[in-house]
Structures are given as C-alpha cells and as structure tokens.
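First comes the structure, then the notes that go with it.
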Amino acid sequence: MSDNREMYDEINALVGSIAKALEMEDKQVAQDLESGAITIAMDEDENGHRFIAVTRGDRTARVYQGAIQYDRPPGGSEG
C-alpha cells in the first residue's frame, strides 16, 4: 500500500511543478491534464539530462528533478 501512496505523492509533486511552471493553480492543471489541454512528454536534453516537457497552448517548460526551465520568466509576458 505504501507504494501507491508514494506514487500519489510523486504525482502531486509533478502537478505542483507543472502549476508553478505554467503559473496556474494545481486544480486547474489537473483538469487541463485530464482534458488534454496540457500535454507532457518525457525527453532528454543535449547533456543527457532527463526532463518532462510540458506544453499548454503557446507556453512550454522543462521540468527537471529539482528544477524548472521556463520558456519565459514567471510573471513575464511575450515581448
């Protein structure tokens, strides 16, 4: 049973990271993931580091373990 709890904790952490990356509320992220408005994919950068690529509309982010690489700074807008 603890394996299931750990999995949910990891999913919650991922949703939280996506919410931070896209400047959204966790609940909205969960709804958008379910509807397909947010897509995620596993990928690897040019240095061999694995990350989760997150896309919602024109926003993208790379979620690494312990770090987020934004397409633009949080709170920023397209110039």
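The values are calculated or read from the model by the stated rules, or taken from the named source; none is laboratory data. What you see is a predicted model; the values in this text were computed from it and never measured. Cβ sites come from the backbone with ideal geometry, for glycine too, and all protein chains shown count toward neighbours. The accessibility values were calculated without ligands, DNA or RNA, using every heavy atom of the protein model including side chains. Shrake-Rupley method; radii C 1.70, N 1.55, O 1.52, S 1.80 Å.
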*Scan segment 18-77 for residues that are assigned to a strand (DSSP E or B), under 22 Å from residue 8 (Cβ atoms) and not charged (D, E, K, R) and jot them down.*
38, 39, 40, 41, 42, 51, 52, 54, 63, 64, 68
*Subset of segment 49-63 [open to solvent by 40 Å² or more (accessible area, probe 1.4 Å), over 15 Å from residue 33 (Cα atoms) and more than 9 Å from the chain's Cα centre (by Cα)]*: 49, 50, 58
*Would you point out the residue of segment 15-38, among those that are over 11 Å from residue 56 (Cα atoms) and in contact with a strand residue (DSSP E or B) (Cβ under 7 Å, 6 or more places away or on another chain), that is surrounded by the most Cβ atoms within 10 Å (Cβ to Cβ)?*
17
